[in-house]
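Written out below as structure tokens is the structure these notes cover.
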């Protein structure tokens, strides 16, 4: 027992890295598909899904893309699932970028989705539009209800028929890995638009108070939120649709179990060592 | 063949776009074993590419559409309000005075304008937000289930207790001490939730890289083996140093 205790105390950190690495990589290897399991959606994520479900064909959704490739792992799967859902519902999607490093990532993602056979009918300027970039500190002007989208962005397309300003937007979702969307939550009081959010796990707890007051209609938190959304889309439209978030959830679960295990073992060793020392 | 086509052929071919991300990922991950030159190369490439990419995008999406184009349009058809383009430009230029020790105060005009504008815009909204959050707490408590009602007690008492922890006008003894103690527990629960979410976020970042490695198995295997051989050779023959204590190695 004493020997084990000593060994555990001096365990090389690289062994811990290796175990965590294996717990992440093994569930996503080919042949380990049986470890992929869909997660149960929370009411916060379902609230976003329901908001899109009640929209009719031709209604407008505004996506505020405020993340760059550093948050891609958590937010891109959510964007993909959300965009696909909007396209399946045939609602118009306006994508606006609040960070320059995210523009090409966004455009590429949309291009990748619309290149698939299922969404090959989607046309830019008719079903969705990339509205480019407005500097993050100046974008509050878009919340001026009288600013004409078409005029501001100098874009043309059938998509602008019936949608001129923010008043004509039926739902807005923000994707970000920072505190940036607090502004949008605050502005929501003034302009009364419906606003949901998809954030990285780090920012999730900070936005919870806004859910209780109804300032946010829903929230998808991190990779888990994206996996939940994929599950909702899968259940309703596309059986066995597993996006990268659902694939990643098994890795996330096993890596957390390993981390829990190390925390528990570390605490046991700590207390046993403390008792031994008296 | 123009330069753009040549560059596209070099950087957008299948070999480049599959091998480089895998190699760069494993180069950076080699730090987990120990700091080594390959990691340094990867780190510097990352910083260089990020800055270069940022500059190009800034030109394409900020300077060109928001300054060059409007100024260019001024010469085609002039309107009186177009002068504001020049005013904003001059205001932005004041930032460069930060480089001078004697004239650094000129940049304060920019900051003064920005702070004034933002404060004027946000203060009323922030107050509205506080009122909205407060009014939501002022609901009848007997609505819904016992769990729903108890939630409000936790929120109100938890907020009060956490605030009492920061009340230093009286010593934390007696009732105040006990309430402040509850405040610490409330804050620790929040920090725990935030930390748990952060761990989830960091693991998610690695999952993204892991998915890339799994998507290109051959490249991953070759790069991993090559980098392991490199690390063995480097630490065996080139870099001989005393064993670093575990708690010092990652400072």
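For chain B, set up a Gaussian network in which alpha carbons nearer than 10 Å are linked by springs, and say which option among B:27, B:118, B:187 fluctuates the most. Judging by the Gaussian network model, the answer is B:118. Convex hull of alpha carbon positions in the stretch B:139-215: directionally averaged projected area 8.7 nm². Entry note, chain A: the mean residue ellipticity at 222 nm calculated from DSSP H runs of n ≥ 4, each adding -39500 (n - 2.57), is -15500 deg cm²/dmol after division by the residues and rounding to the nearest 500.
Subtracting the Cα-Cα distance of residue B:90 and residue B:170 from 0.36 nm times their residue separation leaves 23.5 nm of extension gain. Using R0 = 30 Å, the C-beta based FRET efficiency linking residue A:56 and residue A:190 works out to 0.70. Comparing A:236, A:46, A:155, which has the greatest mean-square fluctuation in the GNM of chain A with Cα pairs linked when under 10 Å apart? Looking only at A:236, A:46, A:155, the biggest GNM fluctuation is shown by A:236.
If you build the convex hull over the alpha carbons only and average its shadow over all orientations, what do you get for chain A? Give it in nm² to one decimal. Don't skip to the answer; put the middle values down first.
Details: hull surface 73.3 nm².
Averaged projected hull area, Cα only: 18.3 nm².
So, R0 is 41 Å and r is the distance between the beta-carbons of residue B:106 and residue A:148; what FRET efficiency does that work out to, to 0.05? Once the sixth-power term is evaluated, E becomes 0.65.
Full extension of the chain between residue B:33 and residue B:138 yields a length gain of 32.3 nm, computed as 0.36 nm times the residue separation minus the alpha carbon distance. Looking at the square roots a ≥ b ≥ c of the eigenvalues of the Cα gyration tensor of the stretch B:100-146, which shape do they give, rounded for a/c under 1.5, prolate if a/b is larger than b/c, or oblate? Prolate shape, in that a/c is at least 1.5 and a/b is the bigger ratio. Of interest is the spacing of the C-alpha centroids, which for the stretch A:55-131 and the stretch A:193-229 amounts to 18 Å.
Modelled this way, with points 7 Å down the Cα-to-C-beta line, the labels at residue B:73 and residue A:158 are 2.7 nm from one another. Take the Cβ atoms of residue A:275 and residue A:12, set R0 to 25 Å, and the FRET efficiency comes out at 0.50. Each label point was placed 7 Å from the Cα along the Cα-to-Cβ direction; for residue B:194 and residue A:29 their separation is 3.9 nm.
Relative to the longest principal axis of chain A, what angle (0 to 90°, nearest 10) does the C-alpha long axis of helix A:103-114 take? Between the helix axis and the principal axis of chain A, the angle is about 80 degrees. Relative contact order for chain A: 27 percent, from Cα pairs under 8 Å spaced at least 6 residues apart, divided by residue count. Between 0 and 90 degrees, rounded to the nearest ten: what's the tilt of helix A:244-277 against the longest Cα principal axis of chain A? The angle comes out at about 30 degrees. Can you give me the angle between helix A:43-53 and the longest principal axis of chain A, using Cα atoms only, in degrees from 0 to 90, rounded to the nearest 10? The angle comes out near 30 degrees.
Model label sites at residue B:226 and residue A:257, defined 7 Å from Cα along the beta-carbon direction, differ in position by 3.6 nm. Potential lengthening of the chain between residue B:49 and residue B:10 amounts to 12.4 nm, from the contour at 0.36 nm per residue minus the alpha-carbon distance. Among B:229, B:41, B:127, the largest mean-square fluctuation in a Gaussian network model of chain B, built with springs joining Cα atoms closer than 10 Å, belongs to B:127.
If you rank A:199, A:20 by fewest surrounding Cβ atoms within 10 Å, what's the result?
By the 10 Å Cβ count, ascending, the order reads A:20, A:199.
Decide, for chain B, between rounded, prolate and oblate: order the square roots of the alpha carbon gyration tensor eigenvalues as a ≥ b ≥ c, take rounded if a/c falls under 1.5, and otherwise choose prolate if a/b is larger than b/c, else oblate. Because a/c hits 1.5 or more and a/b fails to exceed b/c, chain B counts as oblate.
The Cα center of the stretch B:53-75 and the Cα center of the stretch A:1-45 differ in position by 48 Å. Please state the shape class of the protein assembly as shown: rounded when a/c is under 1.5, otherwise prolate if a/b exceeds b/c and oblate if not, all from the C-alpha gyration tensor. Rounded shape, in that the Cα axes give a/c under 1.5.
Rule-based calculations on the coordinates, nothing more; no lab input. It should be emphasised that the depicted structure is a prediction, and the values quoted were computed from it without experimental measurement. Note: ideal-geometry Cβ built from the backbone for every residue, glycine included; neighbour counts use all protein chains shown.
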